[in-house]
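None of the figures in this text is laboratory data; all of them are computed from the coordinates on show. Since this is a predicted model, take the numbers as computed values, not measurements. Every residue, glycine among them, receives a Cβ derived from its backbone with ideal geometry; neighbour counts consider all protein chains shown.
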Amino acid sequence: MTKPSPERWGSPLWMSVYPWLLLLPAAVLLIAFTHYPILATLYETFFVTRRNGQSTFIGMDNYRAMLEDPVFWQVLHNNAVFALGTIPTSIALALVMALWVNRNLRGRAFVRLAYFTPTILPMIAVANIWLFFYTPDYGLLDQLRGLFGLAGHNWLGDQRTVMACLIVMVIWKEAGFFMIFYLAALQQMPPELEEAAAVEGAGTWHFFRRVTFPLLMPTTLFVAVNAVINSFKLVDHLVIMTKGGPNNASSLLLYYIYEVAFTFQDRPYAATLTMTLLLILVVAALIKFAYLERRIHYQ
Amino acid sequence: MTRRNGTLASVAAWFLALVWLVPLAYAFWSAMHPAAYATSFNPLAPLTFENFVRAWQQAPFARYYVNTLMLVSLILATQLVLCTLAAYAFARFTFRGRDLAFFLVLLQLMIMPDVLIVENYRMVSALGVLDTIPAIALPYMASAFGIFLLRQTFKSVPNELVDAARIEGASAIQILWRVYVPLGKSTYIAFGLVSVSYHWNNFLWPLIVTNSVNSRPLTVGLAVFGAPETGVDWSVITAATVMTMLPLLVAFLLFQRQFVQSFMRAGLR
């Protein structure tokens with residue numbers, strides 16, 4: 001393919017204006033709903049809204065208040081638990097699923113379909129279905145336990161179990177999505193590798209540990225970073241399953257921002273919390289871009 | 001791989017697949033049987049569509065469907081136009097500040113509108129469009145992901161095709177329309193599927209900016225309908241849940257390959 005050459009029509013002046021005209025509609029919306037809001041969020045964090053509606057400059061007080069807010073630390077901790085609970089398990093499951101589906105499995109298309117389907121369902125529908133599973137006494141979980149003579153339990157109403165319940169649900173929702181990246185990577189692997197290993201008499205597990213797994217490392221890293229970013233965005237289920245409760249035990253940073261802004265109506269503090277979330281997302285994205293950059297050089 | 005290992009793996013793969021289908025199977029079971037059977041799985045339980053009828057009558061789901069359809073169409077249509085124009089500028093023109101502008105576009109991949117809910121709410125309310133479908137759509141209309149994907153596609157268009165069109169006297173916009181857009185068909189399909197699925201399923205932002213039946217999409221309508229204080233039967237709620245996810249589920253079953261490939265491209269951006 002020839003190297004792309006820039007388009008040229010008409011006078012140099014027109015050619016310097018033309019691309020900007022093409023960009024204009026998208027630029028207006030991006031500025032209005034991404035760039036301006038980011039700057040406005042930052043600006044807002046230095047003020048406090050008094051009861052009469054007036055804003056007063058208070059410097060870093062909002063940040064100080066955030067660092068002293070136990071709920072802030074609790075939601076950050078919950079986010080970490082949520083990420084650690086969902087990501088390694090769903091990645092491991094995704095890898096196992098991909099290895100299975102990549103083989104000569106009878107009914108392979110059906111199995112792959114079963115794994116992937118949760119990905120396309122709305123989180124809010126998923127939450128509704130799982131809400132029923134966890135319903136005390138009548139829910140599927142308690143009915144299964146009932147078969148073994150165990151008593152019902154308020155799974156989502158108990159601080160000790162609520163997070164685990166949500167983690168299991170999200171693993172179910174996400175594993176199939178991660179699977180497709182492993183599947184793509186596995187299909188790129190040269191079949192000679194496996195043939196050579198078979199000739200050498202290497203066992204399945206040995207081959208996986210020494211060849212497949214290391215070769216899939218870039219995919220694993222890539223999926224992991226994406227999963228971290230996702231774990232900070234995913235809060236839909238909290239709205240109908242727990243409202244962040246009991247006692248903030250299941251609340252996550254974005255859900256707390258939503259509560260502070262729209263239930264407690266404290267916009268400056270919500271902005272301060274948003275800055276923390278933006279910082280986390282930017283760091284995650286920088287790691288991702290640094291990694292993508294490296295991958296491009298390898299190819 | 002030994003044969004015994006292979007059989008074992010097949011059994012495990014099938015077992016996991018069946019486990020994975022339980023939540024969905026349960027939703028359909030509960031939606032299609034009388035409430036009395038919602039928790040007892042008797043294979044002889046009578047089938048019924050009563051739950052769907054009741055859900056449909058108890059909440060304005062017809063309106064929610066229309067709202068969601070209008071929402072995803074509005075977003076997709078604007079995205080396609082805006083992203084095509086912007087991607088064309090980035091892919092085929094050299095101009096001062098291009099790299100900086102492109103970086104500023106990519107910023108939206110890091111900081112998505114989903115997390116800027118506080119300020120975007122303020123923006124939408126300043127524009128006076130709160131509680132309308134355009135209010136839900138506005139933050140998503142200029143998609144960095146769409147611009148990025150289409151820019152890549154346009155960059156790979158051979159110069160010969162462009163030169164041939166230019167010799168025939170086509171203008172820049174005509175070339176975009178006659179050469180680039182047709183060649184980007186598979187990218188448009190991939191982007192379209194991801195965009196429609198995303199906005200069909202999106203919840204938090206629509207929940208924040210809508211407040212009435214006239215603008216609520218299906219997901220928000222479902223949440224309002226299923227709230228515990230409404231005291232609606234489980235079976236009716238699951239019927240509503242099935243109604244919410246069914247169109248996308250059917251589309252997925254029909255076009256599995258395209259869906260999987262599109263989702264993968266979206267993830268790999």
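Brief remarks follow.
- Label-point separation, residue A:200 to residue A:80 (7 Å along Cα→Cβ), nm: 4.1
- Net lengthening on full extension, residue A:243/residue A:21 (0.36 nm per residue, minus Cα-Cα): 75.4 nm
- Value of relative contact order over chain B, rounded to a whole percent, pairs C-alpha under 8 Å and six or more apart: 31
- Put the Cα centre of segment A:242-265 next to the Cα centre of segment B:192-269 and the gap is 22 Å.
- Relative to the globular-protein estimate of 2.2 N^0.38 Å, the Cα radius of gyration of chain B stands at 1.27.
- Look at the dipole of the protein assembly as shown built from charges on Cβ: of B:215, B:124, B:87, the Cα furthest out on the positive end belongs to B:87.
- Inter-centroid distance (Cα atoms) of segment B:98-120 relative to segment B:19-90, Å: 30
- Here's the picture: a label point sits 7 Å out from the Cα of residue B:152 along the beta-carbon direction, and within segment B:167-190 the residues with their amide nitrogen under 13 Å of it are B:187-188, B:190.
- Residues whose placed amide H lies under 5 Å from that of residue A:47, excluding near-sequence neighbours: A:58
- Separation of segment A:31-90 from segment A:103-138 is 34 Å, based on Cα centroids.
- Within a Gaussian network of chain B (alpha carbon springs, distance under 10 Å), most fluctuating of B:211, B:42, B:202: B:42
- Charge-dipole axis of segment B:128-214 as Lys and Arg at +1 and Asp and Glu at -1 on Cβ define it, positive-most pick from B:141, B:188, B:200: B:188
- Each peptide among B:175-184, A:91-100 gets the average number of other Cβ atoms lying within 10 Å of its residues, and from highest to lowest they stand as A:91-100, B:175-184.
- Within the same chain, lysines fewer than 8 places from residue A:173 are excluded, and of the rest, those with a Cα less than 26 Å from its Cα are A:233, A:243, A:288.
- For the protein assembly as shown, size of Cβ-based charge dipole, Lys and Arg +1, Asp and Glu -1, in debye: 1140
- Per-residue mean of C-beta atoms belonging to partner chains within 10 Å, peptide A:199-206: 1
- Averaged over the residues of peptide A:39-48, the number of Cβ atoms from other protein chains lying within 10 Å of each residue's Cβ is 2.
- Across segment A:96-233, C-alpha contacts under 8 Å between residues 6 or more apart give a mean separation that, scaled by the residue count, equals a relative contact order of 25 percent.
- Counting, for every residue in B:149-156, the Cβ atoms of other protein chains within 10 Å of its Cβ and taking the mean gives 1.
- In this Cβ point-charge picture (+1 for Lys and Arg, -1 for Asp and Glu), chain A has a dipole of about 400 debye about its Cα centre.
- The protein assembly as shown: C-alpha gyration tensor shape, a/c 1.5 cut-off, then a/b vs b/c: oblate
- Structural descriptor for chain A: relative contact order 25 percent, calculated from alpha carbon pairs under 8 angstrom and at least 6 residues apart.
- Here the extension length gained between residue B:103 and residue B:25 equals 23.6 nm, from 0.36 nm per residue of separation less the Cα-Cα distance.
- Residue among A:38, A:237, A:20 farthest towards the positive dipole end of the protein assembly as shown, charges placed on Cβ: A:20
- Among B:21, B:130, B:218: highest mean-square fluctuation, GNM of chain B, C-alpha pairs under 10 Å: B:21
- Dipole check for chain B: with +1 at the C-beta of Lys and Arg, -1 at the C-beta of Asp and Glu, and the Cα centre as origin, the magnitude is about 780 Debye.
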